[in-house]
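Input: a single structure, listed below in structure tokens.
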Amino acid sequence: MKDSRRKVLKAGAALAATAAASTTFPRFAIGQSGPIKIGMSMPQTGSLGAGGQAALLALRMWVEDVNKRGGLLKRQVELIAYDDQTNPANVPGIYTKLLDVDKVDLLIAPYGTVPTAPVMPLVKQRGLLLMGNFSFQVNAKVQHDMWFNNAPWNDASSWSDGFFKAGQGAGAKTVAVLAADNDFAQNLANGARTLAQKAGIKSVYDQNYPPATTDFSSLIRGIRAAKPEMVFVMSYPNDSVAIIRAVNEIGVGPQVQIFGGGMVGLQFTPIMTSLGSLLNGVLNYNSYVPGMKYPGIEDFLARYTKRAQEAKVDPLGFYLPPFNYAIGQMLEQAVGATRSLDHKTLASYLRQNEMKTVVGPIKYGKDGEWANARVVQAQFRGVADKDMEQFRKSERQVVVYPDAYKTGSVITPFEKARTAK
Amino acid sequence: MIFSFDLLFEAVLFGVLLGCFYAAVSIGLSVSFGLLDVPHVAHPALMIFGSYCTFIVTGWGLDPILAGVVLMPAFFVLGVLIYRFYYETFERRGTEAGVRGLAFFFGLAFIIEVGLILGFGVDQRTVQAAYIGSSLSIGDYRIPYRMLVAFGVALLLTFCLSIYLSKTFTGRAIKAVAQDEPALRLMGANPVRIKQWAFGIATGVSALAGAMVIIVGPVEPAMDRLYIGRTFCVVVLAGLGSMTGTLAAGLILGIAESIVLMMLGASWAPAVAFGLLLVVLGIRPQGLFGR
């Protein structure tokens, strides 16, 4: 009887210790069964849907690759992704479901600033690691110490500095700023305004346009009337297409030296192909253009193109897919090196080590953004209509900034650049 | 704020073109919602479906406007079928069931949107034509041809529908359904068949409106959401069921939006447009040309 009571007490103590360990101590995955779940919301429809689907394909490719290698910590990896419809209101609910219902082990942010912003308070409050996905300055105010963005920029100057330098090099002293009324564009616009002020560039036109703007002819006519020498535009994909068309129809004036800067969408193959020659002369940011050399990127892009054609998504995939594949690679390195799924341990590893990815080595700064930004400003040149394959050539997007990746000098004024080969 | 009379003139000019485009995309809804009292929130989704059909037909070498016209009969039949289903499942069961039909049209809009995503992916689609991407230059003014096309089509649609509704027997019957359905029944006409016909016309018109949308700018499957507020705003401001009112309301919204976009603060454009709606409804609850 005594023996059996002791056994019961021992078993109870062991059970209590196990229960306590599961809540108090970090979660060690070794020995656990079932797949490691990585959860995210992703814009698969709506204005960021085209980019989101391409990015998701790259992440799925990484999941397949890592599972072929035996998974993480000898467990298979499962990616759970829900469509947030590019609607930020859907995002907090999706992440709550991922954490509380799907019980995911790791989190990746949705593509873009607008969908990511609402999830930041949640991950900060719960002390969770979040791999960022091409958002801009969403952590600037939140200051979450377990945030790591895959985008090659950090502060506003890393994005717009090259644009302003190119304009000033051409003697421009005035700027027109046109920005979408959303988090991404406003963060960027505020940075651009500060930069312009510091550089002594006078603002002659400054407008934020609402997201449902149908036609941009009136806005472009307003810019033309203000006679700026630089036009810095921060827009989302649908707007970018409409703006480029309106510029072609209305014109921005012969005094404009450079046009573009922060137009999202001009990196997506279907948009580049459909706009064709209308893109010529536009100087815009990019994350990767052909000619930039990183170990493994060409192999990745070759494999991606085949899969993208089957999946009916961006067939070239220069902009987002390699950087999303890089998220997987970073998680793989961090989990492999620490042998842990504990978020604090992984965050500490990511903060202290340089990651090797298909988009080159990534080292993080204190704010979870890249320590050394790598945004390029590239000018479209000699683009013909209805030819997708031309964008594989480095001559179609000439990098004018930064010097490390420069493949040519900016052609000014804008009107001249539009006809340059 | 930049002001000059030249700029104001140009803002009004662009506003007229934009307003006619708004009228073109709202005129089908003016028939289905304005005259038939059907809560047709799937109208913009059908219009975007029309844009995608235009995209396919232009691939065979047809001009986008011609493609829109060619698609109209097929959309007419589609409209007849949709109304028949709506009538059998909701409207014939009484007013309350009719209100529940709102859920049916929301569902239809989602099905169309998801169908387009599955069929075409989420990438934007555009069409090519000589009048897209170029403009008419008069002195210092440049007017995009695509907006001139929308202007012309809107005027033509308004004119044709107004003539049809006032001069033909079926047209007058459609107006009669809107005014007094039981009286029409007593006259020996079948209101359901008349409504079915009218809904077919509204849907047929949305094919041409869809062609206008893809001419004015690129389309993507979820784009219908952008147009729900605006099209209902135009129809309500016009006064339910008025074709000329739809054109006038479109012009008011277009001009107000263009002036605000060009000369005041662009962020205020939607507030000004919908503020106008509130003011007009405050003064004339039946809308500008309402019955």
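For the range A:179-202, the tally of residues that are polar (S, T, N, Q) and in contact with a helix residue (DSSP H, G or I) (Cβ under 6 Å, 6 or more places away or on another chain) stands at 1. Is it true that A:A371 is surrounded by fewer than 16 Cβ atoms within 10 Å (Cβ to Cβ) and not assigned by TED's automatic domain parsing to the domain that holds A:T269? Yes: the conditions hold for A:A371.
The residue of the range A:121-131 that is nearest to A:Q76 (Cα to Cα), among those that are surrounded by fewer than 23 Cβ atoms within 10 Å (Cβ to Cβ) and not basic (K, R), is A:L128. Can you confirm whether the range A:335-347 contains a residue that is away from every other protein chain (no Cβ under 14 Å) and under 18 Å from A:V376 (Cα atoms)? Checked against the condition, which is being away from every other protein chain (no Cβ under 14 Å) and under 18 Å from A:V376 (Cα atoms), the range A:335-347 yields no hits at all. For the range A:253-267, which positions are within 11 Å of chain B (Cβ to nearest Cβ) and surrounded by fewer than 24 Cβ atoms within 10 Å (Cβ to Cβ)? The answer is A:G253, and nothing else.
Hey, among the residues in the range B:98-117 that are of a type in the set (A, V, I, L, M) and farther than 19 Å from B:T54 by Cβ, which one's farthest from the other protein chains (Cβ to nearest Cβ)? In this case the residue turns out to be B:V99. Note on the range B:202-231: residues that are within 12 Å of another protein chain (Cβ to nearest Cβ) and hydroxyl-bearing (S, T, Y) total 2.
Checking each residue of the range B:72-88 against the condition of being within 27 Å of B:A222 (Cβ to Cβ) and hydroxyl-bearing (S, T, Y) gives at least one match.
Restricting the range A:163-200 to residues that are assigned to a loop (DSSP other than H, G, I, E, B) and in contact with a Ser or Thr (Cβ under 7 Å, 6 or more places away or on another chain), the residue that is farthest from the other protein chains (Cβ to nearest Cβ) is A:A170.
Mind checking which residues of the range B:262-273 are more than 22 Å from the chain's Cα centre (by Cα) and either more than 7 Å from chain A (Cβ to nearest Cβ) or not hydroxyl-bearing (S, T, Y) (or both)? Listed by number, the residues that qualify are B:M262, B:M263, B:L264, B:G265, B:A266, B:W268. Among the residues of the range A:282-302, not a single one is within 22 Å of the chain's Cα centre (by Cα), touching a residue at least 12 places away in the same chain (Cβ under 8 Å) and within 14 Å of chain B (Cβ to nearest Cβ). Among the criteria (1) touching a strand residue (DSSP E or B) at 6+ places or on another chain (Cβ under 8 Å); (2) surrounded by fewer than 23 Cβ atoms within 10 Å (Cβ to Cβ); (3) part of a loop (DSSP other than H, G, I, E, B), the one A:E78 does not fulfil is (3).
Within the range A:84-110, being at pLDDT below 95 and surrounded by 20 or more Cβ atoms within 10 Å (Cβ to Cβ) holds for A:D84, A:Q85, A:T86, A:P88. Scanning for something at pLDDT 80 or above, part of a strand (DSSP E or B) and more than 14 Å from chain B (Cβ to nearest Cβ), does the range A:42-60 turn up at least one residue? No, there is no match, as no residue in the range A:42-60 is at pLDDT 80 or above, part of a strand (DSSP E or B) and more than 14 Å from chain B (Cβ to nearest Cβ). Criterion first (more than 16 Å from the chain's Cα centre (by Cα), buried (at least 20 other Cβ atoms within 10 Å of the Cβ) and among the aromatic types (F, W, Y)) does A:F148 satisfy it? No. Just so you know, in the range A:201-226 the residues that are in contact with a strand residue (DSSP E or B) (Cβ under 7 Å, 6 or more places away or on another chain) and not in a strand (DSSP E or B) include one that is farthest from the other protein chains (Cβ to nearest Cβ), and it is A:I201. Comparison of A:A378, A:A326, A:A334, A:A384 shows that the only residue that is touching a Phe, Trp or Tyr at 6+ places or on another chain (Cβ under 9 Å), within 19 Å of A:L266 (Cβ to Cβ) and either modelled with pLDDT of 95 or more or not aromatic (F, W, Y) (or both) is A:A378.
Just one of the listed residues (B:L155, B:L161, B:L148, B:L165) is within 14 Å of another protein chain (Cβ to nearest Cβ), assigned to a helix (DSSP H, G or I) and either free of Cβ contacts under 8 Å to residues at least 24 places away in the same chain or over 15 Å from B:V213 (Cβ atoms) (or both), namely B:L148. Selection of the range A:71-98 for residues being in contact with a Lys or Arg (Cβ under 7 Å, 6 or more places away or on another chain) and closer than 13 Å to A:V123 by Cα yields an empty set. Give me the residue from the range B:118-139 that is outside any loop (DSSP other than H, G, I, E, B) and more than 9 Å from every other protein chain (Cβ to nearest Cβ) and, out of that set, surrounded by the fewest Cβ atoms within 10 Å (Cβ to Cβ). Of everything passing the filter in the range B:118-139, B:I138 is surrounded by the fewest Cβ atoms within 10 Å (Cβ to Cβ). Before we move on, is A:E354 over 30 Å from B:L116 (Cβ atoms) and in the same structural domain as A:A166 (by TED's automatic domain parsing)? When the stated conditions are applied, A:E354 does not pass them. Is one or more of the residues making up the range B:12-24 within 14 Å of chain A (Cβ to nearest Cβ), of a type in the set (V, I, T) and assigned to a helix (DSSP H, G or I)? Within the range B:12-24, one or more residues are within 14 Å of chain A (Cβ to nearest Cβ), of a type in the set (V, I, T) and assigned to a helix (DSSP H, G or I).
The values are calculated or read from the model by the stated rules, or taken from the named source; none is laboratory data. Because the structure is a prediction, the values reported are computed rather than measured. Cβ: placed from backbone, ideal geometry, glycine included. Neighbour counts: every protein chain shown.
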